[in-house]
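Following: one structure in structure tokens, then a few remarks.
The values are calculated or read from the model by the stated rules, or taken from the named source; none is laboratory data. All figures in this text were calculated on a predicted structure; none of them were measured in a lab. Because the Cβ atoms are built from the backbone with ideal geometry, glycine has one as well, and the counts that use them run over all protein chains shown. Note: areas computed on protein heavy atoms with side chains; ligands, DNA, RNA excluded. Shrake-Rupley method; radii C 1.70, N 1.55, O 1.52, S 1.80 Å.
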Amino acid sequence: RYRVHLDQVQGLARATVHYRLRYARTILSHFRVRRLRQLKQWTVKQIRQFVASEGRRCRPSSGQVIASSIRSFLRFLLLHRLIDRDLAAAVPAFANWRLATLPETVSGEELELLVRAINPISPVGMRDRAIVLCLVELGFRASDVTGLDLEGLDLTARVLRLKRQKQRDFTAMPISRRLATAISTYVRRGRPACFTPFLFVLHRAPRGKAMTPIGVRGVVVRRAAEAGLADRIRGTHVIRHSVASRWIQAGATLKQIADLLGHRSIDTTSIYAKVDLRTLAEVALPWPSKQEVTP
């Protein structure tokens, strides 16, 4: 019931649903819940201690994910009268100030090294190269990559039609000749025959099933290791951050980057202004001279 609520009522992204369900299972397991009536025995103190204990083992950003996931689950329980009081307010907050850190990035040369390390001779190589190019050239999320379908391809016009779950709308994305060629090669010569409408599928059992965001992350981690970049590229987000940083350094506006990345709010994109050193240098105050600071 909670899964359906997250997916169909709230319309959350697949990755968000994954984490919400993960921590819902964790709290149920922690309190050894076997019957619904046990939920009404939870107390404010128990909830606070559980979240604090889980949060101590991770970074503040991960602690925030835990806290928001538990709040979501508790609100769901209250909505369906499975608990008698609003326990969501008992969930402690984790100090993680907005824009306090710089986005983790890698250089353009390292991204190209990742692409060149993939040999597109085998069907899997064709698939993985097209996946990595979607990430490197378009700044896609892993869920964006898995959401691509065959009907959304116009390789002659070099356009991808992407449905982003957070926007619940379609976005037409222009693509490079290199990416169009990689996708075309995979569709014609590498993609196994199957009834799945999605572009990227599994090549092992269950063969032909659509890939998941976790599968896309696995492709990136494996190919980064082959390229000697295992310590630099540990997932898809660092690629997304790197692409956005390159765009802003090339002169793109925050609004343009927000549209390309699929951000609903430009505030989410504003963190990339911190890596635009050239523009920051133009607005920085000059260092005071000795005469100016001498009393």
Task: Positive-pole candidate from F31, A15, G63, dipole of region 1-126, charges at beta carbon - done: F31
TODO: Report, in debye and to the nearest 20, how large the dipole of region 1-90 comes out about its Cα centre when Lys and Arg carry +1 and Asp and Glu carry -1 on their Cβ.
DONE: 300
Open item on the list: If packing is taken as the average number of other Cβ atoms within 10 Å across a peptide's residues, how do 69-80, 138-149 rank, most packed first?
Closed with: 138-149, 69-80
TODO: Among (i) 1, 5, 9, 13, 14, 14, 12, 11, 9, 6, 4, 2, 1, 1, 0, 0; (ii) 1, 5, 11, 14, 15, 14, 10, 6, 3, 2, 2, 2, 2, 3, 2, 2, 2, 1, 1, 0, 0, 0; (iii) 1, 5, 11, 16, 19, 17, 14, 10, 5, 2, 0, 0, find the value of P(r) over Cα pairs in 5 Å bins from 0, in percent that was calculated from the structure presented, and write down its label.
DONE: (i)
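Within the chain, what whole-number % of the accessible surface is contributed by carbon and sulfur, with the 1.4 Å probe and all protein chains included in the calculation? Walk me through the intermediate numbers first.
On the way: 9260 of 17380 Å².
Here carbon and sulfur together make up 53 percent of the probe-accessible area.
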TODO: Between L155 and T43, take the C-beta separation as r, use R0 = 45 Å, and let me know the FRET efficiency to the nearest 0.05.
DONE: 0.15
Task: ³J(HN,Hα) computed for each position of region 112-129 - Karplus, 6.51 cos²θ - 1.76 cosθ + 1.60, integer Hz, glycine/proline x - done: 5, 4, 4, 5, 5, 6, 8, 8, x, 7, 8, x, 5, x, 4, 4, 5, 5
Task: MRE, 222 nm, helices only [DSSP H, n ≥ 4, -39500 (n - 2.57), over the chain, to nearest 500] - done: -14000 deg cm²/dmol
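So if I place +1 on the C-beta of Lys and Arg and -1 on the C-beta of Asp and Glu, and nothing else carries charge, what would the dipole magnitude of region 165-253 be about its Cα centre? I want it in debye, nearest 20. All intermediate terms of the calculation are to be shown ahead of the outcome.
Working: 17 positive and 3 negative charges, 46 e Å.
It works out to roughly 220 debye.
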TODO: List the residues whose amide H sits under 5 Å from the amide H of D149, counting only those 5 or more places along or on another chain, with H placed 1.01 Å from N in the peptide plane.
DONE: L199
Open item on the list: Students often check this: by mean Cβ neighbours within 10 Å, which of 121-129, 238-246, 223-231 ranks highest, and how do the rest follow?
Closed with: 238-246, 121-129, 223-231
Open item on the list: Using a 7 Å offset from the Cα along the Cα-to-Cβ direction at both W287 and R3, what is the distance between the two label points in nm, to one decimal?
Closed with: 5.9
Task: Mean-position separation - Cα centroids, region 98-163 and region 212-233, in angstrom - done: 12
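Compute the Cα gyration tensor for region 127-234, then decide on rounded, prolate or oblate, letting a ≥ b ≥ c be the square roots of its eigenvalues: rounded whenever a/c is under 1.5, prolate when a/b is larger than b/c in the other cases, and oblate in all that remain. Mind showing how you got there, number by number?
Working: a/c = 1.40, a/b = 1.22, b/c = 1.15.
Rounded shape, in that the Cα axes give a/c under 1.5.
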TODO: Describe numerically, in nm with one decimal, the distance between label points set 7 Å from Cα along Cα→Cβ at S176 and at Q10.
DONE: 3.7
- [ ] Could you pull out every one of the aspartates and glutamates with an alpha carbon less than 19 Å from that of K163, ignoring same-chain neighbours closer than 8 positions?
- [x] D7, E137, D144, D149, E151, D154, D259
Open item on the list: Just want to confirm a number: the relative contact order over the chain, from Cα pairs under 8 angstrom separated by 6+ residues, in percent.
Closed with: 16
TODO: Write down the accessible area per residue of the chain in Å², having rolled a 1.4 Å probe over the full set of protein chains.
DONE: 59
